[in-house]
Amino acid sequence: MKQLLLVSHGRFAEELKKSVEMILGPQENIYTVSLLPNEGEKEFTEKFDGILQQLEGEVTVFADLLGGTPANIVSKKIMKDAKMKLYSGMNMPMIISYMNALLVGEEPDVLYDAQKGIVDVNKLIVEADFDDEDE
């Protein structure tokens, strides 16, 4: 079974999971670990390890920020041979796409889907206006 673990500064991971669940419904395979303002590496690592011990199967971790404490702690675990995938820059389209791919039995294309979710809406509107004028 594939498990998704979201890690972040503050409660971003928790709130992002709630937002995803507004669209997809409850998600039993998404877990969160938050680095709170009054915590340091030790507290975050303890929480992360506690969740990790509960998980079976393949674990993918989405982190909020490359170079931040949550991503760094997971990176250190991977360098010490922990078997998990880590991606930084998590966003909602990335998570939804990941969960949808698992639902239909496909391998998620995390990097493509994360980047695809970033759109210049003003540019789309201008292009749509040109298309309307051509008709």
key: Cut-off under 5 Å, modelled amide H: who pairs with Thr32 long-range   = Leu6
ask   = Given R₀ = 35 Å, FRET efficiency for Met79-Asp129 by Cβ-Cβ distance, to 0.05?
value = 0.10
Qualifying trypsin sites (Lys or Arg not before Pro) for the range 12-76 [loop in DSSP, other Cβ within 10 Å: at most 15] = none
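How about the range 81-135: which trypsin sites (Lys or Arg not before Pro) there are in a DSSP loop, with at most 16 other Cβ atoms within 10 Å of their Cβ? Mind showing how you got there, number by number?
Working: sites: Lys83, Lys85, Lys116, Lys123; in loops: Lys83.
Listed in order of number, the matching sites are Lys83.
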ask   = Looking only at Leu103, Leu111, Leu55, which one moves most when the chain is put into a Gaussian network model with springs between Cα atoms under 10 Å?
value = Leu103
request  = Rounded to whole Hz and in sequence order, give me ³J(HN,Hα) for the range 89-102 from the Karplus expression 6.51 cos²θ - 1.76 cosθ + 1.60, θ = phi - 60°, writing x for Gly and Pro.
outcome  = x, 4, 8, 5, x, 4, 5, 4, 4, 4, 5, 5, 4, 5
Listed candidates (1) 129; (2) 100; (3) 139 - label of the one calculated as volume of the Cα convex hull per residue in Å³ = (3)
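None of the figures in this text is laboratory data; all of them are computed from the coordinates on show. The model shown is predicted, which means the values in this text are computed figures rather than measured ones. We place every Cβ from the backbone using ideal geometry, glycine too, and count neighbours over all the protein chains shown.
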